[in-house]
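Novice: Got a structure here, written out as structure tokens. Questions coming.
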Amino acid sequence: MKKSLGQNFLRNKDITKKIVQLADFCTSIDILEIGPGDGALTDELLSFSGKITLLEYDKDLIKPLNNKYGGSNVEIIQGDARNFIIDVDNKINIIGNLPYYASNIIIRNFMFQNKVNSMVFTVQKEVGEMIVANDGKKSFLSVLMQTYCDVKELMIIKNVEFYPIPKVDSMTIKLIPKSINKDDDYINFIRGSFSNPRKKISNSISMGLNISNDQTNLILDSNKIDQNLRPQHLSLNQWENLYKSYKKLNV
């Protein structure tokens, strides 16, 4: 176990069982588990008839995992989930307890790969709350994730259920990718619009996208959006309409 890798292993078997139950995976679809550690979650997946692939970053854990699961329908791969490319014929489900420092990068890596059927990840509670946030509490992360995935909170896990015990609680979330092609211009538009989230939306958009106040007010007025609102208050539909208006400006 290496602190530098952000490893916190779940020790409560009842919770690992509940995670798998709430994941509601079809038992015949192959599974990719991210960061299996010592196999606490893997043990609950062995009843699935599909192939299970374990993607482990820590080289020191590869041999123990091979010793434990050799001869079963489990394949162990040493690799980095932040840039791992899925190369399979059929769609798969992904599950894992993600290291806090890399959770956003890992999720964003997989959410745009077309072989992903669904993802169930345990992340830092604060990050999970941002991902599933309702209108009024939106952030760049929540707008991004909810644009390209259907998201759902599954459960909260107290920090004492992990070893070593982290300072914060965790949240398990489920994400199901939508059939929407990635649009880098849209992503950059959202990122820029949230550049100053505590300011009025008119100022945040103008500053973040480097466009004039007149242009900003034009796209807001054309969508009947109050210029005094904060970026967090807009719905996904409003962001999509703002982006369309922004593109028409040809800026």
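Novice: Please list 104-110, 62-68, 173-179 highest first by mean number of surrounding beta-carbon atoms within 10 Å per residue.
Specialist: 104-110, 173-179, 62-68
Novice: Sort 26-33, 42-49 by packing, meaning the average of other beta carbons within 10 Å per residue, with the highest value first.
Specialist: Final packing ranking: 26-33, 42-49.
Novice: List the DSSP H helices in the chain whose Cα atoms stretch 18 Å or more along the helix axis and whose mean Kyte-Doolittle hydropathy is at least -0.5. Don't skip to the answer; put the middle values down first.
Specialist: Numbers: long enough: 236-248 (19 Å, -1.72).
None clear 18 Å together with a mean of -0.5.
Novice: A further question follows. For region 141-251, treating each Cα as an identical point scatterer without solvent, what Debye log10 I(q)/I(0) comes out at q = 0.22 1/Å?
Specialist: Listed by q, the Debye log ratios stand at -1.14.
Novice: Continuing with this model, one more query. Sorted from largest to smallest, which semi-axis lengths in Å does the alpha carbon gyration tensor of region 7-78 give for its equivalent ellipsoid, taking the root of 5 times each eigenvalue?
Specialist: 19, 15, 10
Novice: What distance in nm separates the two pseudo spin-label positions at residue 26 and residue 114, each 7 Å out from Cα along the beta-carbon direction?
Specialist: 1.8 nm
Novice: Here's a follow-up. Holding the Cα-Cα limit at 29 Å, pick out from 59/138; 91/167; 138/244; 68/152; 17/91; 125/182 the pairs that are longer than that.
Specialist: 59/138; 91/167; 68/152
Novice: On to the next question. Translational diffusion coefficient, Stokes-Einstein: compute it for region 198-251 using the Kirkwood radius over C-alpha pairs as Rh, at 4 °C and 1.567 mPa s, and state it as an integer in µm² s⁻¹. Working shown, then result.
Specialist: Numbers: Rh = 10.9 Å.
It diffuses with D of about 119 µm²/s by this estimate.
Novice: On the Cα set of region 42-154, report Rg and Dmax in Å, please.
Specialist: 15.3, 51
Novice: Quote the FRET efficiency, to the nearest 0.05, computed for residue 59 versus residue 101 with a Förster distance R0 of 25 Å and r equal to the Cβ-Cβ distance.
Specialist: For residue 59 and residue 101, the calculated efficiency is 0.85.
Novice: Same structure again: In nm, what is the difference between 0.36 nm times the number of residues separating residue 229 and residue 80 and their Cα-Cα distance?
Specialist: 49.6 nm
Novice: Same structure again: What is the spin-label model distance, in nm, from residue 167 to residue 179 if the labels are put 7 Å beyond Cα along the C-beta direction?
Specialist: In this crude label model, residue 167 to residue 179 measures out at 4.5 nm.
Novice: What length, rounded to one decimal in nm, is gained on full extension from residue 17 through to residue 191, with 0.36 nm per residue of separation minus their alpha-carbon distance?
Specialist: 58.9 nm
Novice: Per residue, what volume in Å³ does the convex hull of the Cα atoms of the chain enclose? The partial results should precede the final answer.
Specialist: Working: hull volume 32.5 nm³, N = 251.
Hull volume over Cα atoms, normalised by residue count, gives 130 Å³.
Novice: Please figure out what share of the DSSP beta bridges in the chain is antiparallel and state it in percent, rounded to the nearest 5.
Specialist: Within the chain, antiparallel bridges account for around 45 percent of the total.
Novice: For labels at residue 47 and residue 155 in the simple 7 Å Cα→Cβ model, what's the distance in nm?
Specialist: Calculated label separation equals 1.4 nm.
Bear in mind these aren't lab numbers, they're just calculated from the coordinates by the rules spelled out. It should be emphasised that the depicted structure is a prediction, and the values quoted were computed from it without experimental measurement. Here Cβ is always computed from backbone atoms with ideal geometry, including for glycine, and neighbour counts include all displayed protein chains.
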